Amino acid sequence: MLRLDKRPTPSKFWNYATPVTAVLLTMIAGGILFALLGKNPFEAIKLIFWDPLFSEQFASYSRPQLLVKAGPLILIAVGLSIGFRAGIWNIGAEGQYIIGALCAAGVALAFYPVESWLVFPLMILGGAFGGWLWAMIPAVLKTRFNTNEILVSLLLVYVAEKLLAAAATGFMRNPDGAGFPGSRNLSQYPAAANNEIFVNTGLHWGGVAAFIAVLFTYILLQRHLLGFHVQLAGQAPRAARFAGVAPARLVVLCLGLSGAFAGLAGMFEVAGPARQITIDFNAGYGFTAIIVAFLGRLHPVGIVLAGLLLALTYIGGELAQFMLNLPAAAIQVFQGMLLFFLLALDVLSNYRVRLARQPAKTDAKVELA
Amino acid sequence: MKPPLLSIKGLTKVYPGVVANSDVSFDIGEGEVHALLGENGAGKSTLVKAIYGLIVPNEGVMEWRGVPYAPGAPSEARATGVAMVFQHFSLFDAMDVAENVALGMDNPPPIRELAAKITDVSHNYGLPLDPSRMVGDLSAGERQRVEIIRCLLQNPQLLIMDEPTSVLTPQEVEILFRTLRQLRGEGKSILYISHKLEEIRSLCENATVLRHGKVVGRADPRQESARSLAEMMVGQSLHTPSRPAAQPGKLLLEVQDLSVTSPSAFGTSLRKVSLAVRAGEVLGIGGVAGNGQDELLGALSGELRTTPESIRVAGEPVGALGPNARRALGLLCAPEERLGHAAAPDMSLTENALLTGAYRENLVRSGFIGWSKARDFAEKIILRFDVRTPGAHVAARALSGGNLQKFVIGREIMQRPSVLVVNQPTWGVDASAAAAIRQALLDLAQAGAAVVVISQDLDELMEVADNFAALNGGQLSAPRPVNGLTMDQIGLMLGGAEGGETDAAA
C-alpha cells in the first residue's frame with residue numbers, strides 16, 4: 001500500500017517535472033489506445049508530434065498552422081490563468097469566444113462595405129466587449145446571488161452556441177449567399193480582414209495580441225499589487241480579505257479579463273482563419289485552453305509552451321485522422337488524458353509518496369475523524 | 001514490587017533533520033497524575049503520539065504493567081486502555097453530541113443506548129452534557145466535555161490530556177480538575193500536558209520536563225515554584241515583561257455600541273460592544289474562544305464593516321472603511337490564526353511582509369511592487385524580532401508557530417501603529433518568545449500607542465493589561481482596572497451567560 005505525506009513546502013522539482021511527465025505518460029497511454037484501435041502506435045505518435053513540424057510532406061502546410069492554432073489557445077489560456085490563480089473558475093471561455101466573434105462580426109457587417117481603417121479597431125473593441133459581457137453574467141450572478149461560476153459559465157457556452165446557430169442561419173446570414181447558412185466572408189472585406197502579417201508564417205494579429213496578453217499577464221502577476229492580490233485570494237482567501245482585497249471586485253475583474261481575452265480570440269479567429277460566422281465556427285479552443293493553462297502551470301511563459309504543444313496535437317491529430325483513419329474523438333481523448341495525468345501527477349508536488357507501514361508524522365485529527 | 005502502569009524506556013524518535021525525542025525515559029504509576037512539561041517544540045506531542053500509537057518510535061521500548069507495549073495504531077492503544085483528549089477538537093459542528101461521540105468510537109452502540117450512557121457518565125463525573133445538543137451550539141468548555149466523555153466511555157486506564165485548559169474559564173478549569181481528581185481517586189492515571197505551571201502545581205504529583213527532545217528534569221511540582229519549573233523548562237532565567245507606569249494620553253480608539261452579525265453560521269454576533277483606549281494604555285479582553293473574539297478583530301480590522309460612527313480612531317469615524325483605509329489612519333491588527341489569516345502559508349516572508357505593509361511602508365508605487373523594498377522590510381522584521389528562519393524567501397508555513405507569530409506581530413509593530421489590536425498574541429508560542437512579544441506590546445504602548453490584547457490566557461492579560469474586560473456571547477463587560485482585580489472577580493466577568501451551567505455543576 002502507498003501512503004501520502006504532505007510536504008512542508010511544495011516540491012520545486014515536481015512543479016516543473018509534472019508537465020513533462022504528463023506529456024510522456026499521455027504518449028504512452030495514447031499509444032496503447034491507438035494500438036487497441038489496431039493502428040501502429042509509433043506511427044500515430046510520430047504523426048501527431050513530429051510530422052507536422054519536420055516531415056517534408058506535411059510541414060509546409062502544417063508549420064504555419066501551429067501559430068494559427070496556438071494564438072487563440074494562448075490568448076484564452078493566459079486570461080483564464082489569472083482567474084484560476086485567484087480560485088475563480090471560468091469554464092465558459094468557449095462561450096465568451098463565440099460571443100466575442102459574434103460581436104466583432106456584427107461590427108464588421110454593420111459597416112460593410114465601408115472601407116475605413118477604423119473598422120478593424122472597432123471590431124477588436126467589439127470582440128473584447130462581447131466576451132467581457134458574456135463573462136459578466138456569471139460574475140454578477142456570483143457576486144449578487146452567490147451562484148457557482150463554474151456551472152453558470154459552462155452552461156452559458158450552450159446558450160452561446162444556440163446564438164451562434166441563430167446568427168449563422170438567421171440574422172447574420174449572407175444576403176448574397178443564396179440561402180446557405182453562414183455570414184459574409186470577412187476575408188473578402190479588406191477593412192475587416194485579419195490577414196497573415198508575414199506570408200506563410202501563420203502569424204496574424206491574434207498572435208500579436210496573444211504575445212501582448214502574455215507580457216501583460218506576466219507583469220501583472222510578478223510586479224503589480226493587483227496580481228499579488230489575485231494570488232493571495234487564491235491561496236488564502238481570509239488573508240486576502242485581511243490585506244484589503246474585496247472578493248466581489250476580484251471576481252468581476254478576473255471573469256471580465258478572461259472573458260475579454262476569449263472574446264478577442266474569437267474576434268481574430270472570425271476575421272482571420274475562420275473568415276466568417278458559421279454554425280460550427282467554434283472548434284473547442286475555449287475548453288482546450290483550460291488544459292493549456294494548467295499544463296503551463298498557470299505561468300505566462302509555461303502557457304506559451306503549452307499552447308504550442310496543444311496546437312501541435314490539434315494539427316497532428318487532424319493529420320492522424322487523415323492518414324490513419326483515427327476517429328476524431330481519439331484526439332479529444334488524447335487531450336483529455338493530458339489534463340488527467342497532469343492533475344493526478346500534481347499530487348507529487350504537494351505530497352511525498354511512501355510505502356505504508358513506515359509511519360511518519362501524521363495529523364492526529366486524521367486518525368480520529 | 002508492582003510494575004508501573006506505563007514505563008517508557010529510552011524512547012527516541014527522529015524525523016528527517018530533527019530529533020524530536022532523544023532517549024526519553026519515565027514511569028507513570030497507577031492512580032498518578034503525571035505532568036509533561038516543556039516549551040513548544042520540546043517533543044511533548046511526539047512523545048504522546050508514540051504512546052497513543054500515532055507514530056512508531058525509532059528506538060526504545062514501552063511497557064504496560066510490565067508487558068511490552070508497542071501500539072501500531074490508536075485503536076490498539078485504546079484497546080490496551082489508553083485514551084487521549086486532543087488540544088484541537090475533532091468534532092463536527094452540524095452533528096449532535098451523541099453522533100460526535102459515536103464517530104470517535106471503534107464499535108459504537110446504537111445511538112439511543114449511547115445517549116443514555118453519555119448522560120450517565122457525564123453526571124457521574126460532574127460534566128453535565130445533553131447528548132442531543134448540536135455541537136455547533138456548544139461553548140469551548142462543553143466541546144471539551146464531549147471529547148472527555150468520548151474517552152471515558154471506553155473506560156481507559158490512562159488518560160492523556162494535551163493542553164486541556166487553554167480554552168476554559170477559571171470556573172470550568174475547577175470543574176475539570178474535580179473530574180480529574182475523581183478519576184485519580186478511582187485509580188486511573190492521567191498524563192497531563194500543559195505549560196500552565198500553577199495548574200500543574202495544584203494537580204500533579206510528578207512532572208517530567210522536556211527540552212529539545214530530552215528529559216532535563218524530574219520534579220514534584222508541589223515542591224517547586226512556578227518560576228523554578230519555568231526555568232527548568234526554558235533552561236535559562238526568565239525575563240518578566242515590565243514597563244514604568246505612564247499617564248494615559250488622549251483617546252485613540254473609541255468603539256460605541258458596535259453590533260456586527262457574524263458571517264459564519266456558528267460564529268457569535270457582537271452586541272453593542274463599547275470600549276475606549278487611550279494612548280499608552282493596554283486594554284486586555286479576556287474570554288473563552290468563540291465568544292466573539294474573531295468578530296471583534298474583524299470589525300476592528302475592517303474585514304467586517306459597520307456604521308461609520310461605531311468605531312473611531314483619534315476621533316475619525318472608520319466603521320465603514322476597509323482594512324487599508326484604516327491602516328492609513330494608524331489602526332493595525334494581528335489576527336489569531338497565523339496561517340491563512342495573518343499570513344498566507346505558501347507565500348514567502350517577503351510576500352507576507354507586503355500583505356499588510358504595502359502602503360504604510362511605501363512598498364508599492366502606483367500599483368507596482370518594489371520587491372527589494374519588501375524584502376528589506378521583511379528582513380528588518382526578522383532581525384528586530386529575532387525570527388528564526390534561513391531568510392525572507394522561506395514560505396510562511398515552514399516556520400514554527402512561535403517564529404511566525406513573532407513575524408506577524410513584528411510586521412504590525414514595525415509599521416508604527418497608533419492603535420494595535422492583537423488576538424491571541426502568544427498562542428502556541430514558547431515561553432521566551434511569548435515574553436518577547438509581550439515586552440514588544442508594552443514598549444509600543446509606552447511609546448504612545450493604544451493597544452488592545454484579546455486573549456484567552458488570563459495570566460498574560462494580568463501581565464500586560466492596564467484594564468480588563470470580558471467578552472461573553474458577543475457582549476463586552478465594562479472594563480475594570482487590572483490592579484486589585486481578583487481571579488474570582490475575573491471568573492465572574494468571564495462566566496456571564498455560562499454562569500448558570502457552572503453553578504449547576506458546582
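The table that follows gives values for the structure above.
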{"item": "Computed [θ] at 222 nm, deg cm²/dmol, chain A (DSSP H ≥ 4; -39,500 (n - 2.57); rounded to nearest 500)", "result": "-23000 deg cm²/dmol"}
{"item": "Projected area, mean over directions - segment A:163-225, Cα convex hull, nm²", "result": "7.3"}
{"item": "Antiparallel content of DSSP bridges confined to chain B, in %, to 5", "result": "50"}
{"item": "Helix-only CD estimate at 222 nm, as mean residue ellipticity for chain B, using -39500 (n - 2.57) per DSSP H run (n ≥ 4)", "result": "-10000 deg cm²/dmol"}
{"item": "Surface/4 estimate of mean projected area, convex hull on alpha-carbon atoms of chain B, nm²", "result": "24.0"}
{"item": "Sequence-distant aspartates and glutamates (8 or more away, or on other chains) whose Cα lies within less than 15 Å of B:Lys250", "result": "B:Glu281, B:Glu316"}
{"item": "Against the rule of thumb 2.2 N^0.38 Å, how large the Cα Rg of segment B:6-234 comes out", "result": "1.00"}
{"item": "Length-normalised contact order of segment B:90-211 in % [C-alpha pairs under 8 Å, at least 6 apart]", "result": "24"}
{"item": "Chain B: angle of helix B:111-124 to the longest principal axis, Cα-based, in degrees nearest 10", "result": "90"}
{"item": "Net charge of Cβ neighbours under 9 Å - reference B:Gly43; Lys, Arg +1; Asp, Glu -1", "result": "+4"}
{"item": "Alpha carbon convex hull of segment B:396-505, volume per residue in cubic angstrom", "result": "133"}
{"item": "Convex hull per residue volume in Å³, alpha carbons only, for segment B:314-435", "result": "107"}
{"item": "Nearest-ten-degree value, helix A:149-166 long axis tilted from longest Cα axis of chain A", "result": "20"}
{"item": "Partner lysines for B:Lys117 [C-alpha distance under 18 Å; skip if fewer than 8 residues away on the same chain]", "result": "none"}
{"item": "Sequence-separation-based contact order of chain B, relative, with Cα cut under 8 Å and 6+ spacing, percent", "result": "15"}
{"item": "Chymotrypsin sites (Phe, Trp or Tyr not before Pro), loop per DSSP, at most 16 other Cβ atoms within 10 Å - longest free stretch of chain A", "result": "A:199-369"}
{"item": "Antiparallel %, DSSP beta bridges [both residues in segment B:6-234], to 5", "result": "55"}
{"item": "Alpha-carbon spread of segment B:251-505, three principal axes, descending order, Å", "result": "58, 39, 37"}
{"item": "D_trans [Stokes-Einstein, Kirkwood Rh over alpha-carbon pairs] for segment B:368-441, 10 °C, 1.306 mPa s, µm² s⁻¹", "result": "124"}
{"item": "Net charge contributed by nearby residues that have their C-beta within less than 13 Å of A:Leu221 (K/R +1, D/E -1)", "result": "+2"}
{"item": "Shielding by partners - mean other protein chain Cβ count within 10 Å, residues of B:351-359", "result": "4"}
{"item": "Ratio Rg/Rh, restricted to segment A:89-227 and using Cα atoms, in which Rh is the Kirkwood radius", "result": "1.03"}
{"item": "Cα-based helix-to-principal-axis angle, A:300-324 vs chain A, degrees rounded to 10", "result": "70"}
{"item": "Average beta-carbon neighbours from other chains, 10 Å sphere, peptide A:231-240", "result": "6"}
{"item": "Restraint check, B:Lys214/B:Lys373; B:Lys9/B:Lys196; A:Lys12/B:Lys373; B:Lys373/B:Lys406, Cα-Cα greater than 32 Å", "result": "B:Lys214/B:Lys373"}
{"item": "Where N is the number of residues in the protein assembly as shown, Cα Rg divided by 2.2 N^0.38 Å", "result": "1.13"}
{"item": "Convex hull of Cα atoms in chain A, direction-averaged projection (nm²)", "result": "22.3"}
{"item": "Bridge type composition, the protein assembly as shown - antiparallel percent by DSSP, nearest 5", "result": "55"}
{"item": "Average partner coverage of B:324-330, which counts Cβ from other chains inside 10 Å", "result": "1"}
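Quick note: the coordinates plus some simple rules give every number you see, no bench work behind them. Worth saying up front: this structure is predicted, and the values here are computed from it rather than measured. Backbone-built Cβ (ideal geometry, glycine too); neighbour counts: all protein chains shown.
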